[in-house]
Amino acid sequence: MASMLDRLLASDISDPTDFPDAATAPGLRAFDDAVRCTICREFYDAPVTLTCGHCFCSACIRSALPEQQTCPTCRKPASEVHIRKDVAMETAVQAWKNARPLILRLASEEAARKAQPPQPPHARHDSSHSERTGNKRRRLQSPVIVSEDEVIVVPSSPAPSGSSISDSLPDTVLCPVCQKQVPSQKINAHLDSNCKRFLAEGSTSGSGPAAESSKSKQKQRWNQLFSGGGTGSGAPPRSKDKDKDKDREKGKGKARATPDTDDEPEHLPKVAYDIHPQKRIAEMLAEWDLPTHGDKAALTRRHKKWIVLYNANVDRAPVHRRTLDQLRGDLRKAEDAEQKTRKETVDDPVAYQKANKAAFAKLTEAARPKKAVPATAIPAVQTQAEDHGGQTTDSAKTGASLVTAEDVIDVDSEGS
Amino acid sequence: MSVSTRRLQKELTDIKRDGTPVGIELLSAEDFATWYLSVEVLGNTVYEGEKFALKFRFDNQYPISAPAVQFVVDDHYTAPVHPHVYSNGHICASILGSEWSPVLSVVSVCVTIQSMLASCKKKERPPDNDRYVSHAPENPKKTRWDFHDDK
């Protein structure tokens, strides 16, 4: 049982339970939980609130509301027009994401310390670097005491960067504050930056490099924005946009009259797919350079998903916004992932048939028409007609065989 | 990885690290399509000493769409005799149908069903049990339920 669970949990996912319980680290689990969406349980991505005040990821609530026009948490009536972005929450989530690795490490150290029987406090005083160790007391009591030899390696004055002397020093040293590997000639700059920068490569999950890379990513995105709405395939050409704007302008003529707000993208309107022929839906997809293969249901699903992704992206702060190309990639990934759970692909039909011979035999047997079942009783609870293709009378006869057929299919997909 | 898979992974992580509420146990979760959990009603109730198994089936729209939940009826387990539970294991509970909310989870559904059983005073099948069972679709989500005597 345990190993089976481990297999399912193989991939690394972050969760509030990463933190020690409330007795050891009060508030940390609760805090980590508080900045997560209750629908997807991930950190809020483009957080938005409803009129009741409950917060969700924009994409999550935009997927949920068409199913049921109420707040998923408190069930108060809600609709998409009530969605307002929550900028403060977005900032908080970003800050917490940056702080989390450090806090997590400190918290688990604390948990380890509490788990150990209390040790007699060490009487040693290492005055050589006392001014740097603000949290000295904790460090001395902590079971993971850095041996003093290692700490002494820290050069007392900043080594001139790039000098040949520094080459003779050990490549990395342990930072006395954050206890991560830091290139020895950068240690002072590292300490000056509150242990955020200059972590050695391969050191455990530093927030520094992450922050820097995200900064450069932001720069890239800004560049893309300033270079006229993306490179080539970025935004659909303006001229194309115009046609669509006609539809969009309905009921918001005033807002469009001021071109100053042009930078702020607008939400896409909902589409009544039922009244459009398949060709029109394919056109709508083509306007955004999206794939147009599949039947009407598939096209509709794709366009709906696109509107959710696009509108959620509008709810992001401009610095976190994804480019249209990235959004297209997101849509493709989401479709692939859903496809995977929907169907299993059969690579070798012959081998597959052989492997599932018994199951097929069972299916064939189950599908044979059964006699002697009177179809007289009135169904107590109506079954939905579309699920049975309208054969309400047949369902009485074949009901039992349907059961087995579907069961067998379930078994197959589990087995792979 | 699809949203449903990630969400279920998180639920499984929570179950593994924090455990499940009293009387609820994870029986098996071999993939992200079907899970089995057991439910016992503790204390002095009409189901004292009985243990039931719930089968959860998830589609790729979970948690936006509700899981298909039913009691397991096989050699080991039976459906509880309850006015909202049919003898084929199908459950007439609004939170599994129109009242589903994406903030609910596997464990919260189990707790709801546990309390539904706990509050039962008299063991009896739904009045239309035989008629429903003979025509019921295999998947309870395909039944259009009428939630009558709730609240």
Quiz prompt | Residue match in region B:110-122 (condition: over 18 Å from B:I24 (Cβ atoms) and either surrounded by 21 or more Cβ atoms within 10 Å (Cβ to Cβ) or within 14 Å of chain A (Cβ to nearest Cβ) (or both)) | solution = no
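What about B:E50, is it without any contact (Cβ under 8 Å) to a residue 40 or more places away in the chain, within 12 Å of another protein chain (Cβ to nearest Cβ), closer than 26 Å to B:K16 by Cα and among the acidic types (D, E)?
Numbers: without any contact (Cβ under 8 Å) to a residue 40 or more places away in the chain: yes; within 12 Å of another protein chain (Cβ to nearest Cβ): no; closer than 26 Å to B:K16 by Cα: yes; among the acidic types (D, E): yes.
Spelling it out, it is not the case that B:E50 is without any contact (Cβ under 8 Å) to a residue 40 or more places away in the chain, within 12 Å of another protein chain (Cβ to nearest Cβ), closer than 26 Å to B:K16 by Cα and among the acidic types (D, E).
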Condition check for B:K16: charged (D, E, K, R), open to solvent by 30 Å² or more (accessible area, probe 1.4 Å), under 30 Å from A:C37 (Cβ atoms) and modelled with pLDDT under 95
yes
Those residues of region A:16-45 which are in contact with a Phe, Trp or Tyr (Cβ under 7 Å, 6 or more places away or on another chain), open to solvent by 20 Å² or more (accessible area, probe 1.4 Å) and more than 12 Å from every other protein chain (Cβ to nearest Cβ) amount to A:L28
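Among the residues in region A:305-320, are any within 14 Å of chain B (Cβ to nearest Cβ) and either at positive phi or open to solvent by 70 Å² or more (accessible area, probe 1.4 Å) (or both)?
No, there is no match, as no residue in region A:305-320 is within 14 Å of chain B (Cβ to nearest Cβ) and either at positive phi or open to solvent by 70 Å² or more (accessible area, probe 1.4 Å) (or both).
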Is one or more of the residues making up region A:337-352 at pLDDT 75 or above, basic (K, R) and in a helix (DSSP H, G or I)?
no
Selection over region B:131-151 where residues are more than 8 Å from every other protein chain (Cβ to nearest Cβ), of a type in the set (D, E) and open to solvent by 60 Å² or more (accessible area, probe 1.4 Å) yields a count of 1
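Residue under question is A:E109, and the condition is that it be open to solvent by 40 Å² or more (accessible area, probe 1.4 Å), of a type in the set (D, E) and farther than 23 Å from B:R7 by Cα; does it hold?
Values: open to solvent by 40 Å² or more (accessible area, probe 1.4 Å): yes; of a type in the set (D, E): yes; farther than 23 Å from B:R7 by Cα: yes.
Here the answer is yes, as A:E109 does meet what is asked.
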**Request:** Considering every residue within region B:82-92, establish whether at least one is outside any strand (DSSP E or B), within 12 Å of another protein chain (Cβ to nearest Cβ) and hydroxyl-bearing (S, T, Y).
**Result:** yes
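Residue by residue, here is whether (1) closer than 23 Å to A:D15 by Cα; (2) open to solvent by less than 50 Å² (accessible area, probe 1.4 Å) holds:
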| site | (1), (2) |
| --- | --- |
| A:P47 | yes, yes |
| A:L50 | no, yes |
| A:C57 | yes, yes |
| A:C60 | yes, yes |
| A:S63 | yes, yes |
| A:Q69 | no, no |
| A:E80 | no, yes |
| A:D86 | yes, yes |
Those residues of region B:96-109 which are open to solvent by 30 Å² or more (accessible area, probe 1.4 Å), of a type in the set (V, I, T) and assigned to a helix (DSSP H, G or I) amount to B:V107
Expected output for region B:1-15 (first residue in contact (Cβ under 8 Å) with a residue 60 or more places away in the chain and at the interface with chain A (Cβ under 7 Å from one of its Cβ atoms), partner surrounded by fewer than 21 Cβ atoms within 10 Å (Cβ to Cβ) and of a type in the set (S, T, N, Q), Cβ below 8 Å, 6+ apart or cross-chain) is B:D14/A:T17
Restricted to region B:27-36 and to residues being open to solvent by less than 50 Å² (accessible area, probe 1.4 Å) and without any contact (Cβ under 8 Å) to a residue 12 or more places away in the chain, the residue farthest from the other protein chains (Cβ to nearest Cβ) is B:S28
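The values are calculated or read from the model by the stated rules, or taken from the named source; none is laboratory data. Model, not experiment: these values are computed from the prediction. In this analysis, Cβ positions are derived from the backbone assuming ideal geometry, glycine residues included, and neighbour counts consider all displayed protein chains. The area values use the complete protein model at the heavy-atom level, side chains included, leaving out ligands, DNA and RNA. Shrake-Rupley method; radii C 1.70, N 1.55, O 1.52, S 1.80 Å.
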